[in-house]
């Protein structure tokens with residue numbers, strides 16, 4: 001069983017730990033928080049015994065094999081760097097990094113520390129429903145796609161009210177905003193299905209804090225395009241569609257995939273007979289554990305390298321989308 005350390009004591013971490021327990025592959029041992037009391041309060045309920053308020057001590061002395069990082073986006077790079085330098089396995093929440101400069105440096109560190117592995121927690125592409133959809137789409141012509149990824153954030157009210165401090169997810173200091181927080185799910189899905197696009201463009205609606213509240217991202221492949229409608233200022237119920245010409249694949253959601261339907265040339269509906277667990281984080285954790293527990297297996301290594309390349313490609317596409325509309329973060333100016 002893999003011993004697990006965590007950075008980030010949030011709701012998403014609770015969900016991760018529930019999935020980790022359900023998988024039977026992980027046991028929480030170590031918790032980091034900026035505040036020791038919070039580390040102990042959060043970790044003891046899950047059976048953790050090691051608590052740290054120093055990142056250096058956490059990585060140097062913590063008893064864990066793999067670390068799950070769920071901190072603000074702009075902090076991922078430094079924490080992943082420390083993890084790799086200490087030869088740890090790393091599961092980092094999406095988006096893994098702010099820009100390609102950070103990803104290239106991490107790639108260099110991974111080469112220098114062959115015991116380490118890096119996984120981006122893009123949970124939607126590890127679900128059995130996505131894998132079934134991926135198989136079907138490979139049999140279809142490419143006619144483009146439309147993804148609707150909009151979820152109203154309760155924290156947007158604080159932005160409208162001008163409340164300070166600005167919530168991390170709407171703060172450019174932490175690389176927040178719609179395309180980074182939600183759009184990256186859609187980008188992961190599209191790049192996994194079709195590869196990197198020929199060109200990209202993003203039309204955002206900017207918030208007064210300096211990040212995008214919503215927008216439309218266009219990924220162009222030859223004469224066809226994929227449109228990702230993304231936002232944290234409204235809810236959207238339209239679902240997601242992948243076009244093949246006469247036939248279409250429909251999904252109820254691009255993040256929390258639960259239902260999918262294939263519509264054939266005669267407009268007949270064929271639901272995908274695939275059940276998805278209530279906590280769909282279990283699938284990525286199972287996939288990652290298989291790699292970490294079988295490092296010498298050639299097929300596993302090939303899968304790992306494919307995921308790592310996908311994460312790098314998604315990072316580049318996301319960055320290019322921001323660059324297309326001059327949406328920059330302080331982390332971008334470090335290079």
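The values are calculated or read from the model by the stated rules, or taken from the named source; none is laboratory data. These numbers were taken from a predicted model, which means no experiment stands behind them. With ideal geometry, Cβ positions are generated from the backbone for all residues, glycine too; neighbour counts draw on all protein chains shown.
Observations on the model:
- Within segment 61-83, being free of Cβ contacts under 8 Å to residues at least 60 places away in the same chain and crowded, with 24+ Cβ neighbours inside 10 Å holds for 76, 80, 83.
- Taken over segment 133-180, the residue count meeting the criterion of being free of Cβ contacts under 8 Å to residues at least 12 places away in the same chain and either in contact with a strand residue (DSSP E or B) (Cβ under 8 Å, 6 or more places away or on another chain) or closer than 30 Å to residue 272 by Cβ (or both) is 3.
- Residue list for segment 217-226, restricted to those being buried (at least 16 other Cβ atoms within 10 Å of the Cβ) and touching a strand residue (DSSP E or B) at 6+ places or on another chain (Cβ under 7 Å): 217, 218, 219, 225, 226
- If the condition is being crowded, with 17+ Cβ neighbours inside 10 Å and assigned to a helix (DSSP H, G or I), then segment 140-165 contributes 156, 159.
- The listed residue being assigned to a helix (DSSP H, G or I) and more than 16 Å from the chain's Cα centre (by Cα), out of 34, 81, 15, 27: 81
- Within segment 45-60, if we keep just the residues that are under 18 Å from residue 2 (Cα atoms) and touching a strand residue (DSSP E or B) at 6+ places or on another chain (Cβ under 9 Å), the residue that is surrounded by the most Cβ atoms within 10 Å (Cβ to Cβ) turns out to be 58.
- First in segment 184-204 and over 21 Å from residue 73 (Cβ atoms), second anywhere and crowded, with 23+ Cβ neighbours inside 10 Å and modelled with pLDDT of 95 or more, Cβ under 6 Å, 6 or more apart: 197/219
- Residue 290 touching a strand residue (DSSP E or B) at 6+ places or on another chain (Cβ under 9 Å), at pLDDT 95 or above and either surrounded by 14 or more Cβ atoms within 10 Å (Cβ to Cβ) or not in a loop (DSSP other than H, G, I, E, B) (or both): no
- Boolean, residue 234 is modelled with pLDDT of 95 or more, surrounded by fewer than 17 Cβ atoms within 10 Å (Cβ to Cβ) and either closer than 20 Å to residue 135 by Cα or in contact with a strand residue (DSSP E or B) (Cβ under 6 Å, 6 or more places away or on another chain) (or both): yes
- Of all positions in segment 166-179, at least one carries a residue that is part of a loop (DSSP other than H, G, I, E, B), crowded, with 23+ Cβ neighbours inside 10 Å and on the phi > 0 side of the Ramachandran plot.
- Some residue of segment 308-317 being more than 30 Å from residue 205 (Cβ to Cβ) and not in a strand (DSSP E or B): yes
- As for segment 203-213, it holds at least one residue that is assigned to a strand (DSSP E or B) and under 19 Å from the mean Cα position of the chain (by Cα).
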